[in-house]
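Participant: My structure is below; once you've seen it, I'll send some questions.
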Amino acid sequence: MASALFPFMCVLFAGAWFVVYASINSLVFDRDPGLGDGWQTPLPNGYALMMIDTTDQGTVYNPKTQGKDGSISLRDDAVFGVRQLQVSQSLIFGARDVGYFGRIGQESKFVDSYFELQTKQNKVIEFKSLEDLRNRASSEGVTLNLRPFEAVFGDYRTTWFDYISGLILIVVPLIGFGLLVRWVWTIRRVREDSPHLATLEETP
């Protein structure tokens with residue numbers, strides 16, 4: 001019976017552990033629980049990144065000035081439709097698609113605007129060309145290296161907690177399996193060493 005129930009216990013454990021993992025991520029680390037169509041993660045400079053439905057573009061925003069219900073409104077310290085990004089301490093550089101909403105779901109790479117977001121001043125400065133943005137970054141001692149929004153998001157979304165959670169998800173069932181095998185092996189050895197016990201068990 002224990003052997004038959006073991007796989008189902010593993011499934012129950014995985015489900016329960018995911019609930020714990022999702023709750024800690026959401027309540028403690030302000031990250032998405034890993035379930036649903038929205039993903040978010042904080043940045044070291046106090047800002048945060050969010051993607052909804054698609055991963056080809058996202059939003060950079062200041063959680064302190066937004067509503068607590070999870071919605072993001074258009075403000076001076078929020079940038080929508082960001083396709084490329086670079087985080088350099090208190091400065092955030094990026095390339096965005098102003099008309100991104102009309103291209104949602106198309107996996108578009110279209111870019112028509114560039115920006116620098118100063119997180120200390122909560123201020124966004126727009127640039128017309130990549131060269132203008134590069135010159136601006138260079139003047140502030142930063143070598144511009146824009147990367148896809150999804151790649152930068154992954155750098156900050158995956159942390160030590162995710163690795164430890166994954167390890168627990170694997171190790172605990174393996175320990176349980178090892179204990180089950182040891183228990184079965186012990187029972188068989190006892191029966192082999194004591195034949196009269198097996199005879200008594202077979203006697204109606």
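Participant: All but one of (1) of a type in the set (Phe, Trp, Tyr); (2) open to solvent by 30 Å² or more (accessible area, probe 1.4 Å); (3) more than 23 Å from the chain's Cα centre (by Cα) hold for TYR163; state the number of the condition that does not hold.
Facilitator: (3)
Participant: Let me ask another. Of the residues that sit in segment 56-71 and are more than 19 Å from GLU116 (Cα to Cα) and not charged (D, E, K, R), which one is modelled with the lowest pLDDT?
Facilitator: GLY70
Participant: Still on this structure, I have one more. May I ask you to say which residue of ILE125, ILE168, ILE187 is within 30 Å of PHE13 (Cα to Cα) and modelled with pLDDT of 90 or more?
Facilitator: Numbers: ILE125 fails: within 30 Å of PHE13 (Cα to Cα); ILE187 fails: modelled with pLDDT of 90 or more.
Going through ILE125, ILE168, ILE187 in turn, the sole match is ILE168.
Participant: Could you check, for segment 17-25, whether at least one of its residues is touching a Pro at 6+ places or on another chain (Cβ under 7 Å), open to solvent by 40 Å² or more (accessible area, probe 1.4 Å) and not in a strand (DSSP E or B)? Walk me through how you get there before you give the answer.
Facilitator: Our first condition is that a residue be touching a Pro at 6+ places or on another chain (Cβ under 7 Å); within segment 17-25, this holds for 22, 25.
Of the ones still in play, those that are also open to solvent by 40 Å² or more (accessible area, probe 1.4 Å) are none.
No: zero hits.
Participant: Now for a different question. What single numbered condition from (1) open to solvent by less than 70 Å² (accessible area, probe 1.4 Å); (2) modelled with pLDDT of 90 or more; (3) more than 26 Å from LEU85 (Cβ to Cβ) fails to hold for LEU12?
Facilitator: (1)
Participant: Could you check ASN45 against (1) of a type in the set (S, T, N, Q); (2) within 17 Å of ARG147 (Cα to Cα); (3) open to solvent by less than 50 Å² (accessible area, probe 1.4 Å); (4) at pLDDT 90 or above and say which number it fails?
Facilitator: Answer for ASN45: the failing condition is (2).
Participant: Further, regarding this structure: Look at LEU169 and say whether it is touching a residue at least 24 places away in the same chain (Cβ under 8 Å), over 23 Å from TYR21 (Cβ atoms) and of a type in the set (A, V, I, L, M).
Facilitator: Working: touching a residue at least 24 places away in the same chain (Cβ under 8 Å): yes; over 23 Å from TYR21 (Cβ atoms): no; of a type in the set (A, V, I, L, M): yes.
No: the conditions fail for LEU169.
Participant: Please work out which one of (1) more than 30 Å from GLN121 (Cβ to Cβ); (2) not in a helix (DSSP H, G or I) is the condition ALA4 fails and give its number.
Facilitator: Going through the list (1) more than 30 Å from GLN121 (Cβ to Cβ); (2) not in a helix (DSSP H, G or I), ALA4 breaks only (2).
Participant: With respect to the numbered conditions (1) modelled with pLDDT of 90 or more; (2) over 30 Å from VAL20 (Cβ atoms), which one is the sole condition not fulfilled by ASP77?
Facilitator: All conditions pass for ASP77, except number (1).
Participant: If I ask for residues that are without any contact (Cβ under 8 Å) to a residue 60 or more places away in the chain and under 17 Å from ALA78 (Cβ atoms), which ones from segment 22-62 would you list?
Facilitator: Once the filter is applied, which keeps residues that are without any contact (Cβ under 8 Å) to a residue 60 or more places away in the chain and under 17 Å from ALA78 (Cβ atoms), segment 22-62 yields ASP30, GLY38, GLN40, ALA48, MET50, ILE52, THR59, VAL60, TYR61.
Participant: To continue, here is another question. Please return the ranges of strands (runs of 3 or more DSSP E) entirely within segment 50-160 where 1 or more residues are open to solvent by 30 Å² or more (accessible area, probe 1.4 Å) and on the phi < 0 side of the Ramachandran plot. Before the answer, list the steps.
Facilitator: Details: elements: 58-61, 79-88, 91-96, 113-118, 123-127.
It comes to 79-88, 91-96, 113-118, 123-127.
The values are calculated or read from the model by the stated rules, or taken from the named source; none is laboratory data. Because the structure is a prediction, the values reported are computed rather than measured. All Cβ positions, even for glycine, are placed from backbone atoms using ideal geometry, and neighbour counts span all protein chains on display. Side chains are part of the model used for accessible areas, which takes the heavy atoms of the whole protein and leaves out ligands, DNA and RNA. Shrake-Rupley method; radii C 1.70, N 1.55, O 1.52, S 1.80 Å.
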